[in-house]
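As structure tokens, the structure follows; a few thoughts come after it.
The values are calculated or read from the model by the stated rules, or taken from the named source; none is laboratory data. Worth saying up front: this structure is predicted, and the values here are computed from it rather than measured. Note that each Cβ is placed from the backbone with ideal geometry, even for glycine, and that neighbours are counted across all protein chains shown.
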Amino acid sequence: MTKKIAIHWFRQDLRLSDNPALTKAAEHEAVLPIYILDDDNAGNHVMGGASRWWLHHSLKALNASLGNKLSVYHGNPQTILDDLLTRFDVEAVYWNRCYEPWRIHRDTLIKENLKTRGIEAYTFNGLLLWEPWTIKKDDGTPYKVFTPFFRKGCLNAEQPRSPLSTPKNTNYGDDPGHIGIDALDLLPKIPWDKQLEPHWDIGEEGARKRFETFVDEGLSFYKEGRNLPAKPYVSRLSPHLHFGEISANQLWHTVRSLGDDKHIGHFCSELGWREFSYSQLYHNPELPRRNLQSKFDAFPWVDNAENLRAWQRGQTGIPMVDAGMRELWQTGYMHNRVRMIVGSFLVKNLQLHWHHGERWFWDTLIDADLANNSASWQWVAGCGADAAPYFRIFNPVTQGQKFDPDGEYVRQYIPEIASLPNKYLFNPWEAPELILTEAGIELGSTYPRPVVDLKQSRESALIAFQSLKKGES
Ligand code: FAD
């Protein structure tokens with residue numbers, strides 16, 4: 001490329017439609033679209049294994065829709081941009097904003113550096129419905145409770161912009177010096193990702209199709225149906241949203257154009273929870289590590305590597321927990337209801353620190369997202385903003401009976417206990433020996449005995465919580 005160019009720096013906006021920064025960059029004579037894998041600045045939140053797998057395929061899809069013009073780099077963006085500025089006649093750099101504290105810090109420095117070199121950096125909101133700094137209470141402080149955040153803050157703020165169409169006739173160029181997607185080495189060394197593949201259609205086109213399927217088949221059951229892990233009533237758009245293959249804006253405007261019933265309202269409020277997570281992270285950059293309620297700093301967490309491993313592998317002997325952990329391992333995703341069940345089991349029944357759960361999810365979820373993951377783990381542990389109170393401990397047996405009444409979900413992920421009648425499917429340790437034998441189960445051999453007693457561990461968690469309250473007074 002010899003002419004003057006604009007750089008569009010793709011980050012969590014791996015799409016061409018409704019991409020505000022790309023739309024503006026496309027007004028220039030020519031655009032150099034780039035992606036930089038930055039493992040240098042991410043600190044202890046370098047992208048996890050499942051996310052890398054997704055990213056590999058998402059970049060391939062994006063590159064195809066750019067006519068193979070995506071230039072790809074690995075390293076420190078500051079250095080890489082500096083190099084591009086020496087080799088190309090760059091007029092301006094465009095990107096959509098990210099909100100992880102390390103990215104905000106890095107991008108601020110890059111913007112300053114570009115400015116000192118006489119190059120303008122134009123940044124846009126391509127990820128969220130509302131910028132986190134715009135939704136505040138009347139006294140100027142951030143909301144700490146979801147309902148007023150969403151109802152009073154978001155819904156009374158300016159409506160999210162209408163989605164933009166894909167820029168037309170853009171003159172994309174590439175950098176002959178870029179390394180290419182394969183050189184990022186994003187795929188896992190052991191072929192664990194093969195099992196994930198059949199579940200996902202990665203990229204902008206796949207995201208659009210999944211959204212259409214959800215609108216046709218899931219949306220009109222969403223409000224109640226979203227609690228049933230065996231049913232197709234949730235969108236499963238979270239990884240597509242995380243990588244920006246579809247925008248929250250596109251979802252918001254499309255579903256609202258379809259009417260105003262309880263299902264649409266509820267779906268929009270879940271998008272609101274995503275906004276709330278980002279608001280919490282923006283206003284509390286320590287969210288991924290530090291308890292928002294500091295009284296939890298004194299919580300007597302237990303250290304037990306064996307129980308942690310049983311939890312990670314879906315071998316706790318508690319079927320609803322194991323089904324969730326195996327869904328995660330086999331598909332890279334876990335249904336929200338089950339995330340809450342496995343989370344509660346980890347931090348309450350096993351009394352293991354929520355950081356263990358946050359880390360495991362970070363590495364194994366394809367939708368691993370610093371804001372949503374940290375805020376949700378704090379919520380589950382009871383130490384976050386507007387969190388589930390610590391003393392509300394999910395019972396994985398009754399949760400299973402209520403939300404997987406026919407046992408479809410548990411049978412799918414734990415085939416070794418599939419022949420049990422529903423009555424004992426969620427609590428095989430209570431089944432008479434004869435029923436276990438008939439179902440071909442030997443507890444402790446074909447399927448584990450529970451790693452903890454649910455009742456005793458619940459009581460022990462409540463005592464630990466009480467000690468916290470005493471310490472407070
Ligand atoms: P749908 O029900 O179809 O909802 C649509 C979208 O709304 C989702 O894609 C998501 O972007 C947003 N959303 C829905 N529920 C929530 C929620 N409770 N909090 C925030 N946003 C929500 N979500 C992530 O995207 N990344 C994570 O790393 C993550 N970690 C979690 C960890 C725990 C312990 C828990 C309890 C929840 C976590 N969530 C996370 C939130 C939620 O479970 C997922 O967003 C949801 O299950 C994604 O499925 P879906 O796309 O089918 O959701």
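Here is how the numbers come out for the structure above:
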item	result
Filtered residues of region 18-27 (kept if assigned to a loop (DSSP other than H, G, I, E, B) and closer than 22 Å to Asp369 by Cα)	Asp18, Asn19
Filter pass, Ala25 being surrounded by 23 or more Cβ atoms within 10 Å (Cβ to Cβ) and among the aliphatic types (A, V, I, L, M)	yes
Matching residues in region 80-106 - criterion: being in a strand (DSSP E or B) and of a type in the set (Ser, Thr, Tyr)	Tyr94
Hits in region 126-146 - residues which are crowded, with 20+ Cβ neighbours inside 10 Å and under 25 Å from Glu27 (Cβ atoms)	Gly126, Leu127, Leu128, Leu129
Failed condition for Glu245, given (1) touching a Gly at 6+ places or on another chain (Cβ under 7 Å); (2) away from the ligand (no atom under 15 Å from the Cβ)	(2)
Meets criteria (in a helix (DSSP H, G or I), touching a Pro at 6+ places or on another chain (Cβ under 8 Å), within 14 Å of the ligand (Cβ to nearest atom) and in contact (Cβ under 8 Å) with a residue 12 or more places away in the chain) for Leu346	no
Which numbered condition Leu328 misses (of (1) touching a residue at least 40 places away in the same chain (Cβ under 8 Å); (2) in the same structural domain as Asn427 (by TED's automatic domain parsing))	(1)
Selected residue (criterion: surrounded by the most Cβ atoms within 10 Å (Cβ to Cβ)) from residues of region 216-230 that are in contact (Cβ under 8 Å) with a residue 12 or more places away in the chain and within 11 Å of the ligand (Cβ to nearest atom)	Pro229
Verdict on Val255 being β-branched (Val, Ile, Thr), under 28 Å from Glu408 (Cβ atoms) and not in a helix (DSSP H, G or I)	no
Qualifying residues in region 155-189 (those that are under 28 Å from Ser51 (Cα atoms) and among the β-branched types (Val, Ile, Thr)) - the one surrounded by the most Cβ atoms within 10 Å (Cβ to Cβ)	Ile181
Flag if Ser294 is of a type in the set (Ser, Thr, Tyr) and surrounded by fewer than 17 Cβ atoms within 10 Å (Cβ to Cβ)	yes
Flag if Glu205 is part of a loop (DSSP other than H, G, I, E, B) and out of contact with any Lys or Arg (no Cβ under 6 Å at 6 or more places or on another chain)	no
Residue check, His266 more than 11 Å from the ligand (Cβ to nearest atom), under 18 Å from Phe150 (Cβ atoms) and modelled with pLDDT of 95 or more	no
Positions within region 310-342 being away from the ligand (no atom under 12 Å from the Cβ) and surrounded by fewer than 24 Cβ atoms within 10 Å (Cβ to Cβ), in sequence order	Ala310, Gln312, Arg313, Gly314, Gln315, Gly317, Arg326, Trp329, Gln330
Selection count, region 108-147, where residues are part of a loop (DSSP other than H, G, I, E, B) and among the hydrophobic types (A, V, I, L, M, F, W, C)	7
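Quick grid of which residues meet (1) charged (D, E, K, R); (2) part of a loop (DSSP other than H, G, I, E, B):
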site	(1), (2)
Pro167	no, yes
Thr170	no, yes
Asp174	yes, yes
Lys189	yes, yes
Trp192	no, no
Pro198	no, no
